[in-house]
1. Provide a single number: the residues in the range 15-33 that are touching an Asp or Glu at 6+ places or on another chain (Cβ under 9 Å) and of a type in the set (D, E, K, R).
2. Which numbered condition in (1) under 11 Å from the mean Cα position of the chain (by Cα); (2) modelled with pLDDT of 85 or more is the only one that PHE49 fails?
3. Determine if the range 38-58 includes at least one residue that is surrounded by 12 or more Cβ atoms within 10 Å (Cβ to Cβ), out of contact with any helix residue (DSSP H, G or I) (no Cβ under 8 Å at 6 or more places or on another chain) and closer than 23 Å to GLU94 by Cβ.
4. For the range 1-48: of the residues being part of a loop (DSSP other than H, G, I, E, B) and out of contact with any strand residue (DSSP E or B) (no Cβ under 8 Å at 6 or more places or on another chain), which is nearest to ILE96 (Cα to Cα)?
5. Looking at PHE44, is it touching a residue at least 60 places away in the same chain (Cβ under 8 Å) and not β-branched (Val, Ile, Thr)?
6. Which condition breaks for THR82 when tested against (1) in a strand (DSSP E or B); (2) hydroxyl-bearing (Ser, Thr, Tyr); (3) exposed (fewer than 12 other Cβ atoms within 10 Å of the Cβ)?
7. Any residue in the range 85-97 that is touching a residue at least 12 places away in the same chain (Cβ under 8 Å) and under 12 Å from ILE31 (Cα atoms) sitting within a Cβ distance under 8 Å of a residue that is surrounded by 10 or more Cβ atoms within 10 Å (Cβ to Cβ) and of a type in the set (Lys, Arg)? List the pairs, counting only those 6 or more apart or interchain.
Amino acid sequence: MKYFVDASDDEYVWHLTMFRDRILDGEEEIILLEMKRDIGGEMFCQEFFDFPNACGAHCPYYHPCNGVSGRCRHLKNGFIGTGRKFRLTAEKLEEIT
């Protein structure tokens, strides 16, 4: 699955379907930057929408994957850019060189 950020507001990473919904809502085109998972890099908390300094039992949202201890199920991989840029319109998604 591919992930993208809006080039004009690169704060959040989304699937392509979210940007297609924006096109259906009336935007003519969106410039997107392709992203990929940063395996082994910073982790992202889905509950706080932030990169936590520490994660563990002190957090009110801590929910270990195995139900006892360990990595929290809300902790996900961060993303880094691939360097590829795309233009999304109602007709197509095309790479910009």
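The values are calculated or read from the model by the stated rules, or taken from the named source; none is laboratory data. This structure is a prediction, so every number in the text was calculated from the model and none was measured. Cβ coordinates were reconstructed from backbone atoms using ideal geometry, including for glycine residues, and neighbour counts include every protein chain displayed.
1. 1
2. Failed condition: (2).
3. Checked against the condition, which is being surrounded by 12 or more Cβ atoms within 10 Å (Cβ to Cβ), out of contact with any helix residue (DSSP H, G or I) (no Cβ under 8 Å at 6 or more places or on another chain) and closer than 23 Å to GLU94 by Cβ, the range 38-58 yields no hits at all.
4. Once the filter is applied, the top-ranked residue is GLU27.
5. Criteria not met by PHE44.
6. So THR82 meets the others, but not (3).
7. The qualifying pairs are LEU88/ARG20; LEU93/ARG87; ILE96/LYS85; ILE96/ARG87.
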